[in-house]
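Q: Below you'll find the structure I mean.
The values are calculated or read from the model by the stated rules, or taken from the named source; none is laboratory data. A quick note: this is a predicted structure, and the numbers were derived from the prediction, not measured. Neighbour counts run over all protein chains shown; Cβ positions are idealised from the backbone, glycine included. For the accessible areas, the whole protein counts, side chains as well, though only heavy atoms, and no ligand, DNA or RNA atoms are used. Shrake-Rupley method; radii C 1.70, N 1.55, O 1.52, S 1.80 Å.
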Amino acid sequence: MCTEKRIPGRDMKGSRNHHPVVRITHWVNAIALTIMVGSGLRIFNAYPAFARRGETFCCYPFEHKAIPRVFTFGGWLAGARNWHFAMMWVLVINACVYLGFIYLHGEWRDLVPRRGDPRDAWQMIKFYAFAVREHPRQGKHNALQRGAYFAMPIVGLVAVLSGLAIWKPVQLAPLTNLLGGYVWARYWHFLAMLALVALSVVHVFMVFAVDPYSLRSMITGGYDESKSPEQRNARPFWWKKADPV
């Protein structure tokens, strides 16, 4: 009878190995979100302000200053709109597949906030600030990761609802009015985009700075638990060499 060899310190229930559905939806999401952000900024540049002509808007200090073209995608307004709406459906369908899978597969338990998360998040912050010597043991995802992963679908939902409100402001007038009108709905959509970009940038930074070995698990599904941040006592760009298994 064949048995799996366990790696010392490895929690099989909290393994960082990723199912193919998770890996595929992750990379589809990364590509679609990049295109959607770039095309959205190109659409914004067609009128880079939130206030209507002759009016002022309280909360955006860069009125009428276009986003640098290098950050935009789609070429021209019509092309950007086509890409934006196409990627909208890709993201929505992809998110439904991912959320449905983690619910049916039980992986949602690793992502939802827990009662002790504020305490655990503070422990991680202290560790990254070198105020604590040993990496806290917090399972598959630490409290900061859980907070970020839990927030992304919520921010994504805000982006979808506000996007629908500015896409069909007459047909979906109740939704547009709920968000404060067309101008504010457009602003919430912009803020949701910024939040998604910020979460994504932090996520990518932490992968390369703390756990570059996790890239393998998101590409092939395999992960060597002896190289986990806990085992290497890893801080951003500061860790000890993984012990051989």
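Q: Just report the Cα centroid separation between the stretch 135-150 and the stretch 160-219, whole Å.
A: 21
Q: A further question follows. Can you give the angle from 0 to 90° between the axis of helix 182-210 and the longest principal axis of the chain, with both taken from C-alpha atoms, to the nearest 10?
A: Orientation of helix 182-210: about 20 degrees from the principal axis.
Q: Turning to a different aspect of this structure: Using the Karplus curve 6.51 cos²θ - 1.76 cosθ + 1.60 with θ = phi - 60°, work out ³J(HN,Hα) for each residue of the stretch 98-105 in order, rounded to whole Hz, and write x for Gly and Pro.
A: Computed from phi, the couplings for the stretch 98-105 are 5, 5, x, 5, 5, 6, 5, 8 Hz.
Q: Would you indicate which of [x] 22.9, 80; [y] 16.7, 51; [z] 21.1, 78 is the value of Rg and Dmax of the Cα atoms in Å derived from the coordinates of this structure?
A: [z]
Q: Given 0.36 nm per residue, what is the gain on full extension from residue 140 to residue 114 after removing their alpha carbon distance, in nm?
A: 8.0 nm is the gain from fully extending residue 140 to residue 114.
Q: Against the longest principal axis of the chain, how steep is helix 143-167, in degrees 0 to 90 to the nearest 10, with axes from Cα atoms?
A: Approximately 20 degrees, to the nearest ten.
Q: Just give me a number: lysine pairs in the chain, eight or more positions apart or cross-chain, with C-alpha atoms less than 16 Å apart.
A: Number of lysine pairs found: 5.
Q: May I ask you to give the percent of accessible area on the chain that is carbon plus sulfur, with a probe radius of 1.4 Å?
A: Carbon plus sulfur share of accessible area: 67 percent.
Q: Separation between the residue 194 and residue 93 pseudo-spin-labels, each 7 Å from Cα along Cα→Cβ, expressed in nm?
A: Roughly 3.2 nm, to one decimal.
Q: Provide 140, 168, 240 ordered by accessible surface of protein heavy atoms (probe 1.4 Å), highest first.
A: 240, 168, 140
Q: Let me ask something additional. So what J values fall out for the stretch 111-117 if you push phi through Karplus, 6.51 cos²θ - 1.76 cosθ + 1.60 with θ = phi - 60°, rounded to Hz, Gly and Pro as x?
A: Whole-Hz 3J(HN,Hα) from phi for the stretch 111-117: 10, 6, x, 10, 4, x, 4.
Q: Can you run phi through the Karplus equation (6.51, -1.76, 1.60; θ = phi - 60°) for the stretch 125-140 and list ³J(HN,Hα) in whole Hz, with x for Gly and Pro?
A: Coupling constants for the stretch 125-140: 4, 5, 5, 5, 8, 6, 8, 10, 7, 9, 4, x, 8, 10, x, 4 Hz.
Q: Here is a further query. Based on Cβ point charges of +1 for Lys and Arg and -1 for Asp and Glu, what charge dipole magnitude is obtained for the chain about its Cα centre, in debye rounded to the nearest 20?
A: Using only the charged Cβ atoms, the result is roughly 240 debye.
Q: Further, regarding this structure: Would you mind calculating the relative contact order of the chain from Cα pairs under 8 angstrom and at least 6 residues apart, reporting the percent as a whole number?
A: The value is 22 percent.
Q: Follow-up question, since we're still on this one. Hey, quick one: spin label on residue 57, modelled 7 Å out along Cα-Cβ, who in the stretch 182-200 has an amide N within reach, i.e. under 11 Å?
A: Correct set: 182-191.
Q: If you average the C-alpha positions of the stretch 81-97 and of the stretch 60-77 separately, how far apart do those two centres end up, in angstrom?
A: Cα centroid to Cα centroid, the span is 21 Å.
Q: Next question, about the same structure. Between residue 178 and residue 215, how high is the FRET efficiency from 1/(1 + (r/R0)^6) when r is the Cβ-Cβ distance and R₀ = 45 Å? Nearest 0.05.
A: Taking R0 as 45 Å, the efficiency between residue 178 and residue 215 is 0.65.
Q: Per residue, how much accessible surface does the chain expose to a 1.4 Å probe? Answer in Å², no decimals.
A: Result: 61 Å² per residue.
Q: Among residues other than residue 48 whose Cβ falls under 11 Å from its Cβ, what is the net charge (Lys/Arg +1, Asp/Glu -1)?
A: Overall, the nearby charge balance is +1.
Q: If packing is taken as the average count of other Cβ atoms within 10 Å, what order do 61-69, 20-28 fall into, highest mean first?
A: With the highest mean Cβ count within 10 Å placed first, the list reads 20-28, 61-69.
Q: By per-residue mean of other Cβ atoms within 10 Å, what is the highest-first order of 74-83, 40-49?
A: 40-49, 74-83
Q: What's the angle, to the nearest 10 degrees (0 to 90), between helix 20-45's Cα axis and the longest principal axis of the chain?
A: Between the helix axis and the principal axis of the chain, the angle is about 30 degrees.
Q: Which Cα, out of 207, 20, 61, lies furthest along the positive dipole direction of the chain (beta carbon charges, K/R +1, D/E -1)?
A: In the chain, that residue is 207.
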